[in-house]
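Working notes for the structure below.
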Amino acid sequence: MFAVIKTGGKQYTVQSGDMLRVEKLAADAGEKVQFNEILMLGGDKPVVGAPLVDGAAVQAEVVDQVKGDKVINFVKRRRKHSSKRTVGHRQQLTLLRVTEILEKGADKSGVKAAVGAGSIAAVAAGAAATAKPAKKAEKKAEPKKAEKKAEPKKAAPKKAAKADKGDDLKKLSGVGPALEKKLNEAGVTSFAQIAAWTDADVADMDEKLSFKGRIEREGWIDQAKELTKG
């Protein structure tokens, strides 16, 4: 029997005992994980999902956390002020050994679901972002009643709001108003944040905002480091 699973935005055809490399999962070597997004089960009686096969799963053991082959990106701009840039990248991957294909009972197996490492970081960041404004709202709820009488003193908060606006991300190569809005909505408002991105952060942003390698291609991290110095 074989199964077609979906993980990290890709599809894989697997059988019991197969070794495969997938986008990095939040699991340590030796742990057992379960893929619940099963698109098809093959065998004597093939089952095609609509879109997923109900109750089916594929279990696998994490062998190791590895890196893919190095990809070199070379960019040369032939302009009045010409520039060259070489960037290397190695995608973080998880090496797995498929142990079992379940046709039914995936929800009762007790094995933790396979979750991408970037997804957990995004969920944690989203939870923190929603928690902070809630606390601020509670503190400001009572003083607002007293401030209604002193309307002329509202000029001070406006200056503070302008100060928190963040950096002009349009200074980065290839970033216009629309792209700047996307980055701001994802919580990226300063050059310092971009300058501190790791390979995992770049891969997460590429997948979340569909940049298709633009971060490395345009050299945003290098540009952000220069802009923070200035």
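The values are calculated or read from the model by the stated rules, or taken from the named source; none is laboratory data. Just so we're clear, the structure is a prediction, and the values are computed from it rather than from any experiment. Note: ideal-geometry Cβ built from the backbone for every residue, glycine included; neighbour counts use all protein chains shown.
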Out of 162, 104, 108, report the one residue that is modelled with pLDDT of 80 or more and either under 21 Å from residue 227 (Cβ atoms) or surrounded by 10 or more Cβ atoms within 10 Å (Cβ to Cβ) (or both).
104
At pLDDT 80 or above and of a type outside the set (Val, Ile, Thr): does that describe residue 152?
no
Only residues that are in a loop (DSSP other than H, G, I, E, B) and free of Cβ contacts under 8 Å to residues at least 40 places away in the same chain: list them for the stretch 189-219, please.
189, 190, 196, 197, 198, 210, 211, 212
Residue selected from the stretch 47-102 under the condition among the polar types (S, T, N, Q) and over 30 Å from residue 216 (Cα atoms), by the criterion nearest to the chain's Cα centre (by Cα)
59
Those residues of the stretch 32-53 which are assigned to a loop (DSSP other than H, G, I, E, B) and touching a residue at least 60 places away in the same chain (Cβ under 8 Å) amount to 36
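Per-residue answers, yes or no, for (1) in contact (Cβ under 8 Å) with a residue 24 or more places away in the chain; (2) assigned by TED's automatic domain parsing to the domain that holds residue 216; (3) part of a loop (DSSP other than H, G, I, E, B):
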position: 6; (1), (2), (3): yes, no, no
position: 11; (1), (2), (3): yes, no, no
position: 55; (1), (2), (3): yes, no, yes
position: 81; (1), (2), (3): no, no, yes
position: 84; (1), (2), (3): no, no, no
position: 99; (1), (2), (3): yes, no, no
position: 104; (1), (2), (3): yes, no, yes
Restricting to the stretch 174-188, count the residues that are surrounded by fewer than 14 Cβ atoms within 10 Å (Cβ to Cβ), without any contact (Cβ under 8 Å) to a residue 40 or more places away in the chain and either in a loop (DSSP other than H, G, I, E, B) or in the same structural domain as residue 74 (by TED's automatic domain parsing) (or both).
1
